[in-house]
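Please read the structure below before turning to the comments.
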Amino acid sequence: MGKELADAFPIARDTYAEADQLLGFSLSRIAWDGPEEQLNDTINTQPALLVHSIAVLRVLQAGYQDIQPAFVAGHSMGEISALVSAGSLPFLDALKLARRRGELMKSAGVNSPGGMAAILGLDIPTIEMICTNSSTSDEIVQVANDNCPGQVVISGASDALLRAMEQAQAAGARRVVRLAVSIAAHSPLMSHAQTDFNQAVDAAPLEDPHIPLVGNVTAQPLTNAHQIRQDLQAQLNARVRWTESIQFMVRKGVSLFLELGSEAVLTGLLKRIDRQVAGISIGEPQDFESLSNI
């Protein structure tokens, strides 16, 4: 993740060096060389994703100054990267927050183990009803990520999750897949981490963004630091309203989306949300060639 970018652009390599120095260990080595199990540990995954996306952002800002976004947005942890791009949070402070978020979510997963599952082919109202019917006062499952029409992730207590998966299959879901995680992100099982994460967000030197940031929880533009803190803090337990976020930006006239960072997951989701708009994924050196015609 990001090695070719760092080899091609000194500013990207410097970004990884800054991260290594702040964290006190070689995140770059983990990101570039693995082992995969170590990179997939959420305490490393979250900062690694952030550093890669900011390395891409810095290359973009240095070489393509004519490209100016109307909005920024980030899916789940990506919202922290979006804050950096909006000028709301310095990179190193964002890295501290991403690392702390990963630590707290991992701890919450140990104290309140649960799971997540992807459901394909059912709409949100149907899945919401399934989650309600599958939940009890002690075992809750809910929509975690509204990724795009026909692709929704649910999250919660293991038994409630299993009941919801069975009901989704019975309701005609095209596919139901249990995700290989023990953390029930964006669900009440993250409550164990909430107090400490609130403190981490409160301590972060957030400023009003220079560019409107579309928040995960509200799917509306966040224009000041207070709104951003509220959205970040609520995000641990709340749904990522990604479909609504993209639809909001499209209604405001956005016709081209740039995805910065690893792989092209969000660009793929974009095609299923609105085929009338374009998306470009930028994560490696060759990807910048696609910007020549913008």
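Here, each number is a calculation from the coordinates, and none is a lab measurement. Bear in mind the structure is a predicted one, so any value in this text is a computation, not a measurement. Every residue, glycine as well, gets a Cβ built from its backbone with ideal geometry; the counts of neighbours run over all protein chains shown.
Hey, can you rank 88-97, 74-83 by average C-beta count inside 10 Å, highest first?
The densest-packed peptide leads the list: 74-83, 88-97.
Pull up all non-local amide H partners of Phe257: gap of 5 or more, or a different chain, and H-to-H distance under 5 Å with H placed in the peptide plane.
So Phe257 has HN proximity to Ala278, Gly279, Ile280.
If you take the alpha carbon radius of gyration of the chain and divide it by 2.2 N^0.38 Å, what ratio comes out, to two decimals?
For the chain, the normalised Cα radius of gyration comes out at 0.98.
For region 7-137, report the translational diffusion coefficient in µm²/s to the nearest whole number, using Stokes-Einstein at 10 °C, 1.306 mPa s, and a Kirkwood Rh over Cα pairs.
Once the numbers are plugged in, D ends up at 94 µm²/s.
Could you line up Thr45, Thr136 from fewest to most neighbouring Cβ atoms inside 10 Å?
The order, fewest Cβ neighbours first, is Thr136, Thr45.
At a 10 Å Cβ-Cβ cut-off, how would you order Arg239, Arg229, Arg251, Arg163, fewest neighbours first?
So the ranking, lowest neighbour count to highest, is Arg251, Arg229, Arg163, Arg239.
Tell me, what is the percent relative contact order of the chain, built from C-alpha pairs under 8 Å that lie six or more residues apart?
Dividing the mean separation by the residue count of the chain yields 20 percent.
Could you please rank Arg101, Arg29, placing first whichever residue has the fewest other Cβ atoms within 10 Å of its Cβ?
In order of increasing Cβ crowding within 10 Å: Arg29, Arg101.
What does the highest-first list of 240-250, 15-25 look like by mean Cβ count within 10 Å?
240-250, 15-25
I'd like the distance separating the alpha-carbon centroids of region 19-58 and region 134-148, in whole Å.
First find each Cα centre; the distance between them is then 30 Å.
Taking the alpha-carbon centroid of each part, what is the distance from region 102-116 to region 257-292 in angstrom?
Their Cα centres are 31 Å away from one another.
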